[in-house]
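The values are calculated or read from the model by the stated rules, or taken from the named source; none is laboratory data. Just so you know, these numbers come straight off a predicted model, no measurement behind them. In this analysis, Cβ positions are derived from the backbone assuming ideal geometry, glycine residues included, and neighbour counts consider all displayed protein chains. The protein model used for the area step is the full one, side chains on, heavy atoms only, and it has no ligands, DNA or RNA in it. Shrake-Rupley method; radii C 1.70, N 1.55, O 1.52, S 1.80 Å.
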Amino acid sequence: MPNPTAAMLVIGDEILSGRTRDANMHYLAQEITKHGIDLREVRIVSDDRDAIIAAINALRAGHDHVVTSGGIGPTHDDITAPCVAEAFGVEISVRDDARAILQARYDAMGTELNEARLRMARIPDGATLIENPVSGAPGFSLGNVHVMAGVPSVFQAMVAGVLPKMTGGQPLLSQNLRIDRGEGDIAGPLSALADRYPELSIGSYPYQRNGIYGANVVIRGSDGGQIDSAMAELIALFPEAVAQQA
């Protein structure tokens, strides 16, 4: 049975403008892979209502899980929550439990829970809160969509909280072999190897180092025995190659 699939939606003009470098996709890919979920698609959209709604609806229809990052803060351009509500056709309002979390947080800091901060307590009807132990303001899950903050430390904490609740499968395993030959020299044998192991993913990632052309060949799959067998065949084909940590 194939593993569940996931997609990620990164929301924010600051990512598309290059002002902010996204670090969350790399983290999410590593964590859900360990949980046996295959990340199949990542989209980046601007802070545009129609674009966000369209992306949410397309991704949630095509994947078992969708994780969003960004756009749930206190400013006017943080519009992810109402866009998710509209995508699902539900109402959104300040929810008592989310408000209580924020109130306790800001009381402890001696800071006012003003109207702007209260925007972070708007939760779509029917959603379940995602705990935020870093800064308090919760994310939420609605259907198969998990809405999280864009700040990496907060995003990572939210992933840790929601991942155990996401249906997973077999963790993806991998092995890596460094071959100091150009891809043109190894393409034929790799293609034949991939044909013999259709349940494995065999990827070639070229490099040039000190005038030497080579490729890191990564074999991935959920069956450790098949990976071992395929790697043994690959090493036999290229005995000069060097095994690397995948």
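Here are the numbers for the structure shown:
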read-out	value
Of all residues in region 18-46 being part of a strand (DSSP E or B) and over 11 Å from the mean Cα position of the chain (by Cα), the one that is nearest to Gly169 (Cα to Cα)	Ile44
Test set (1) over 18 Å from Pro133 (Cα atoms); (2) free of Cβ contacts under 8 Å to residues at least 60 places away in the same chain - Val10 fails condition number	(2)
Sole exception among (1) modelled with pLDDT under 95; (2) in contact with a Lys or Arg (Cβ under 7 Å, 6 or more places away or on another chain) for Val66, by number	(1)
Selection status of Asp78, of a type outside the set (Gly, Ala, Ser) and over 17 Å from Ala127 (Cβ atoms)	no
Residue pairs meeting the criteria (Cβ under 6 Å; at least 6 apart or on separate chains; first among the basic types (Lys, Arg), in region 50-68; second open to solvent by 20 Å² or more (accessible area, probe 1.4 Å))	Arg60/Asn144
Neighbours by Cβ (under 7 Å, 6+ apart or cross-chain): first from region 109-129, at positive phi; second of a type in the set (A, V, I, L, M, F, W, C) and outside any helix (DSSP H, G or I)	Gly126/Val90; Gly126/Leu142
Which listed residue is more than 30 Å from Glu86 (Cβ to Cβ), of a type in the set (Ser, Thr, Tyr), open to solvent by less than 60 Å² (accessible area, probe 1.4 Å) and in a helix (DSSP H, G or I), from Ser204, Ser229	Ser229
Selection count where residues are in contact with an Asp or Glu (Cβ under 8 Å, 6 or more places away or on another chain), under 25 Å from Pro152 (Cβ atoms) and aliphatic (A, V, I, L, M), scope region 59-112	3
Of residues in region 207-226 being out of contact with any helix residue (DSSP H, G or I) (no Cβ under 7 Å at 6 or more places or on another chain) and aliphatic (A, V, I, L, M), the one surrounded by the most Cβ atoms within 10 Å (Cβ to Cβ)	Val218
Subset tally (residues that are at positive phi and either modelled with pLDDT of 95 or more or touching a His at 6+ places or on another chain (Cβ under 6 Å) (or both)) for region 130-156	1
Meets criteria (open to solvent by 50 Å² or more (accessible area, probe 1.4 Å) and touching a His at 6+ places or on another chain (Cβ under 9 Å)) for Arg60	no
Test: Gly225 is out of contact with any Leu (no Cβ under 9 Å at 6 or more places or on another chain) and closer than 25 Å to Lys34 by Cβ	yes
Hits in region 49-81 - residues which are more than 24 Å from Met166 (Cβ to Cβ), not in a loop (DSSP other than H, G, I, E, B) and not small (Gly, Ala, Ser)	Arg49, Asp50
Qualifying residue in region 71-93 (condition: within 18 Å of Pro4 (Cβ to Cβ), at pLDDT 95 or above and either crowded, with 24+ Cβ neighbours inside 10 Å or not β-branched (Val, Ile, Thr) (or both))	no
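Conditions (1) open to solvent by less than 60 Å² (accessible area, probe 1.4 Å); (2) over 18 Å from the mean Cα position of the chain (by Cα); (3) among the small types (Gly, Ala, Ser), marked per residue:
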position: Pro2; (1), (2), (3): no, yes, no
position: Thr5; (1), (2), (3): yes, no, no
position: Leu16; (1), (2), (3): no, no, no
position: Ala51; (1), (2), (3): yes, yes, yes
